[in-house]
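The next block holds one structure in the form of structure tokens; read it before the comments.
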Amino acid sequence: MYEIVQHDHAQELLVLSGPCLELRESENNLPLGLAHTLARDHRYFGDDPPLLLSILENGNPVGVAVRTPPRKIVLSRFDTEIEAAVNRLVKHLRSNQMMVPGVVGPERESLCFADCWSEAIPGLAATISTRLRVFEARSVVDVPLAPGRMRRAGMEDLPLMSEWIEGFSREALGEESDPGKAMDKARKYIGERNLYVWDHEGPESIARESRPMKHGTVISLVYTPPERRGRGYATSCVYLLTKKLLAGRYKFCSLFTDLANPTSNHIYPRVGYVPLGDTLEFNFEHAAGHAES
């Protein structure tokens, strides 16, 4: 028998479902990292309250679903019969009149949710927007470094970091240009001291540490402007950042790659990352003539 528990605070989710998620901490780095971030700051991703759901089977946690509006719902791996758990989750969302613009999660869980959600809402189409792969590194493999050095981004870098964050959002995430939003992110990340620059007589590439968890953390926002690519800057930055984080309190680093980008899927194994599994991201859209119900 499945039960959905809705939490008021992310710490409640971590207490109940954290041990289950940590059995596959790297594979669950997105929902688990979001929960840890929200536990530290409930409004980190915006003023709208997040959706925090634990999925229980006979009283035992088997997975979670997290949403930070207006973004897609994020699923963990489900340590149970996936279709039955997803059906119960969708019934909970529909009975509470909750709508979601899409889903992202492990391949089987995400595909099952997209199918079930589409069946529940007439006229809804689910289309795959991105195919991702999650990687993990518990040690690094030495590689030749590009000229330059890694350093933290400072406020003097703010205009350029804003421009590059906007470029990353546009290229990697398919988001529309929003200079104001990019500037806010750049200012936040510089203030948090988790945005790193590969500098060779000026910034060449960036990478960020994000969503730290109990045992590991995530590297994201790996970006090199088009005119600076092919010179090893991103590889060097990710290598040294991974090495730095593993030398600290973390046992592993995780990251996602876009399977449509052969470059990223090639460079990360070179520095010690191994693939763990694939993730699918779906968009939900209504056909003409159909409204949400």
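The values are calculated or read from the model by the stated rules, or taken from the named source; none is laboratory data. Note that the structure is predicted; figures quoted are calculated from it, not measured. All Cβ positions, even for glycine, are placed from backbone atoms using ideal geometry, and neighbour counts span all protein chains on display. Surface accessibility is based on the protein's heavy atoms, side chains included, excluding ligands, DNA and RNA. Shrake-Rupley method; radii C 1.70, N 1.55, O 1.52, S 1.80 Å.
If a spin label sat at a point 7 angstrom from the Cα of Arg151 along the line to its beta carbon, the backbone N atoms of segment 192-230 nearer than 19 Å would be those of 192-209, 223-225. Reducing segment 7-36 and segment 227-288 to their Cα centroids gives an inter-centroid distance of 21 Å. Whole-Hz Karplus values for segment 152-169 come out as 6, 5, x, 4, 5, 8, 3, x, 6, 4, 4, 4, 6, 5, 5, x, 4, 4 Hz, taken residue by residue from phi with 6.51 cos²θ - 1.76 cosθ + 1.60 and θ = phi - 60°; glycine and proline positions read x. For segment 123-167 versus segment 182-201, the spacing of their alpha-carbon centroids is 11 Å. Extension gain, Arg193-Arg228: 0.36 nm per intervening residue step, less the Cα-Cα distance, totals 10.2 nm. For segment 48-60, 3J(HN,Hα) computed residue by residue from phi via the Karplus equation (6.51, -1.76, 1.60; θ = phi - 60°) reads 5, x, x, 9, 10, 10, 9, 10, 10, 10, 6, x, 9 Hz, glycine and proline entered as x. Coordinate range of the alpha-carbon atoms in the chain per principal axis, descending: 58, 42, 33 Å.
Counting only residues at least eight positions apart within a chain, or on another chain, the lysines with an alpha carbon under 25 Å from that of Lys244 are Lys185, Lys188, Lys214. Here the label points at Asp8 and Asp278, each 7 Å from Cα along the C-beta direction, are separated by 4.3 nm in the simple model. In order along segment 99-107, the Karplus-derived 3J(HN,Hα) couplings, from 6.51 cos²θ - 1.76 cosθ + 1.60 at θ = phi - 60°, round to 10, 10, x, x, 9, 9, x, x, 3 Hz, and Gly and Pro are given as x. Computed log10 I(q)/I(0) for segment 26-147 at 0.16, 0.19, 0.21 Å⁻¹: -0.82, -1.10, -1.31, from the Debye equation with unit scatterers placed on every C-alpha and solvent omitted.
Largest GNM mean-square fluctuation among Ala125, Ala114, Ala35, using the chain with Cα springs under 10 Å: Ala125. When only the Cβ of Lys, Arg, Asp and Glu is charged (+1, +1, -1, -1), the dipole of segment 14-85 relative to its Cα centre reaches about 280 debye. Comparing Gly180, Trp164, Ile128 along the charge dipole axis of segment 125-237, the residue lying farthest to the positive side is Ile128, per the Cβ-charge model. Accessible-area rank, largest first, for Lys244, Lys72, Lys214: Lys214, Lys244, Lys72, with all protein chains present and a 1.4 angstrom probe. With contacts taken as Cα pairs under 8 Å and at least 6 residues apart, segment 72-158 reaches a relative contact order of 28 percent.
Think of it as helices only: each DSSP H run of n ≥ 4 in the chain is worth -39500 (n - 2.57), and spread over all residues that comes to -11500 deg cm²/dmol at 222 nm. Note on Asp41: accessible area approximately 70 square angstrom, rounded to 10, probe 1.4 Å, nucleic acids and ligands left out. Charges were assigned to the Cβ only: +1 to each Lys and Arg, -1 to each Asp and Glu. The resulting dipole of the chain about its Cα centre is roughly 960 debye. Applying 0.36 nm per residue to the separation of Lys244 and Asn96 and subtracting their alpha-carbon distance, the gain on full extension is 48.8 nm. Here the relative contact order of the chain, from alpha carbon pairs under 8 Å that lie six or more residues apart, stands at 23 percent. Taking 0.36 nm per residue of sequence separation and removing the Cα-Cα distance, the Lys181/Ser139 pair yields an extension gain of 11.7 nm.
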